[in-house]
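Novice: Dropping the structure in here first, questions after.
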Amino acid sequence: MTIALVTGAAQGLGLALVEGLAQRLSTEDTVYLTGRDLGRVTAAVDALPAGGARVRGELLDVADPASVVRLATTLRERHGGVDVVFGNAVMRVGPDDDPRDIIDEYVNVNNFGTTRLLRAFAPLLRDGGKLLVVASSLGTLRRLAPVLHDLFDGLTSLDDVDKAVSDWRDAVLDGSARAGAWPAFVNIPSKIGQVAAVRALAASRRELDAERGVLVAAVCPGMMNTPTSALWWDVSTAPSPAAAAVPLLDLALSPTEPEFYGQLIRYGKVLPWGSCHRIVTVRSTGAHTGSPR
């Protein structure tokens, strides 16, 4: 019996991942569709087509530590563990939002929400399990000025990652990030923080996970045709969330590839983390958190 969990699953990519898992798994399996609004979660579950795995809706707000712990405890007691976890919860904001106004909530959901999920659910992974954080191609060191690389490179604990992200958040709040080397595009440091969290967790678990066939990785679904992305770019020819979900589902349900462990994966290939001296500079007064994944 396979137990799967998707966060941020009431719409878009998360919903597509739930539907894809349900279609690919059997009636003996269970997929948890989770989100922070119980009404939307229930509506999403009710709208899914019949057949395949059982889909259960559960309340989960990754911005609330107690909510994360509560669901992890529930699944441990109910099933003894989990087999597939997709960390997909994300805060989305518009082009006109000032980073200083949204950065606290943004980091709490996207970054601390990720590390909460890793802390709570990595211990529940059964042999052959997959824990996949939905990130972005922006989550590599080459997107940062070289002077900032050491802040995220080589971190070996989730506490260290949280500290690095907190320091960046504080710099946004006090205005020093704008005057320094940080990109104005707040999605870049945030996505790097997510990938750094995956790498830090992987560093602490690599040997044991290798023995058990467990995969911990970040995944990039690429640009998608969604209303949020359309606020920023012409996405008329971009894949739908359902199409973007296919390579992620393939990764989640295929035998573990050791070379993917702790890496950022896009379309079945590793995106290098390394600190190439390429800098992407984005200048705007907006928050730019609607970037492509």
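Novice: Going 7 Å from the Cα of residue 127 in the Cα-to-Cβ direction, what parts of region 71-89 have a backbone nitrogen less than 14 Å from that spot?
Specialist: Inside the label zone: nothing.
Novice: Something else: Nearest 0.05, what FRET efficiency do residue 257 and residue 43 give at R0 = 35 Å with Cβ-Cβ as r?
Specialist: Numbers: r = 36 Å, r/R0 = 1.03.
Calculated transfer efficiency: 0.45.
Novice: Would you work out which of 33, 154, 80 lies farthest towards the positive end of the dipole of the chain? Charges go on Cβ: Lys and Arg +1, Asp and Glu -1.
Specialist: Toward the positive end, the furthest listed residue is 154.
Novice: For a quick check: sort 195, 270 by the number of other beta carbons within 10 angstrom, fewest at the front.
Specialist: The order, fewest Cβ neighbours first, is 270, 195.
Novice: Another question, then. Please say if region 77-209 is rounded, prolate or oblate, where rounded means a/c under 1.5 for a ≥ b ≥ c the square roots of the C-alpha gyration tensor eigenvalues, and otherwise the choice is prolate for a/b larger than b/c and oblate otherwise? If you can, show how the numbers build up before the last one.
Specialist: Numbers: a/c = 2.43, a/b = 1.70, b/c = 1.43.
Taking the square roots of the gyration eigenvalues as a ≥ b ≥ c, region 77-209 is prolate.
Novice: In addition: Using 0.36 nm times the number of residues separating residue 11 and residue 181, minus their current alpha carbon distance, what extension gain do you get? All intermediate terms of the calculation are to be shown ahead of the outcome.
Specialist: Values: separation 170, 0.36 × 170 = 61.20 nm, distance 3.50 nm.
Gain in length upon complete extension: 57.7 nm.
Novice: Now, a different point. Where in the chain are the DSSP H helices whose C-alpha atoms run 27 Å or more along the long axis and whose mean Kyte hydropathy is at least -1.0? List each step's numbers first, then the result.
Specialist: Details: long enough: 187-212 (35 Å, -0.28).
Membrane-span-like by this criterion, though nothing is claimed about a membrane: 187-212.
Novice: Direction-averaged shadow area of the convex hull around the Cα atoms of region 3-271, nm²?
Specialist: On the way: hull surface 54.7 nm².
If I average the Cα hull's projected area over directions, I get 13.7 nm².
Novice: Rounding to the nearest 20 debye, state how big the charge dipole of the chain is about its Cα centre with +1 on each Lys and Arg Cβ and -1 on each Asp and Glu Cβ. Before the final figure, lay out each step's value.
Specialist: Values: 29 positive and 32 negative charges, 80 e Å.
Charge dipole, the chain, about its Cα centre: 380 debye, nearest 20.
Novice: Cβ neighbours within 10 Å, averaged per peptide: list 13-25, 244-256 in order, most packed at the top.
Specialist: Numbers: 13-25: 23.5, 244-256: 18.2.
Listed from highest to lowest mean packing, they are 13-25, 244-256.
Novice: Let me ask something else. Once label points are set 7 Å from the Cα along Cα→Cβ at both residue 50 and residue 242, what is their separation, rounded to one decimal in nm?
Specialist: Reported label-point gap for residue 50 and residue 242 is 1.9 nm.
Novice: For region 3-271, what does the relative contact order come out to in percent, with C-alpha contacts under 8 Å and a separation of six or more? Please report the intermediate quantities before stating the final value.
Specialist: Values: 494 pairs, mean separation 50.3, N = 269.
After rounding, I find 19 percent.
Novice: Right, next: Within straight cross-link reach of residue 269, meaning Cα distance under 22 Å, which lysines are found once same-chain residues fewer than 8 apart are removed?
Specialist: 130, 191
Novice: Report the antiparallel proportion of the DSSP beta bridges in the chain as a percent, rounded to a multiple of 5. Walk me through the intermediate numbers first.
Specialist: On the way: 3 of 29 bridges.
The antiparallel proportion sits near 10 percent.
Novice: Moving to a separate point now. What are the semi-axes of the equivalent ellipsoid of region 65-143, taken as the square roots of 5 times the eigenvalues of the Cα gyration tensor, listed largest first and rounded to whole Å?
Specialist: On the way: eigenvalues 160, 50, 15 Å².
Semi-axes (√(5λ), whole Å): 28, 16, 9.
Novice: What GluC sites (Glu not before Pro) in region 27-101 are in a loop by DSSP, with at most 14 other Cβ atoms within 10 Å of the Cβ? Walk me through the numbers before you get to the answer.
Specialist: Working: sites: 28, 58, 77; in loops: 28.
Qualifying residues, ordered by number: 28.
Novice: Moving on to the next point. Calculate, in nm to one decimal, what residue 73 and residue 1 gain on full extension: separation in residues at 0.36 nm each, minus their alpha carbon distance.
Specialist: Numbers: separation 72, 0.36 × 72 = 25.92 nm, distance 1.86 nm.
My answer for the length gained is 24.1 nm.
Since every read-out is calculated from the coordinates, none of them should be taken as a lab result. Since the structure is predicted, the reported quantities are computational estimates derived from the model, not experimental observations. Using ideal geometry, Cβ is built from the backbone for each residue, glycine included, and neighbour counts are taken over all protein chains shown.
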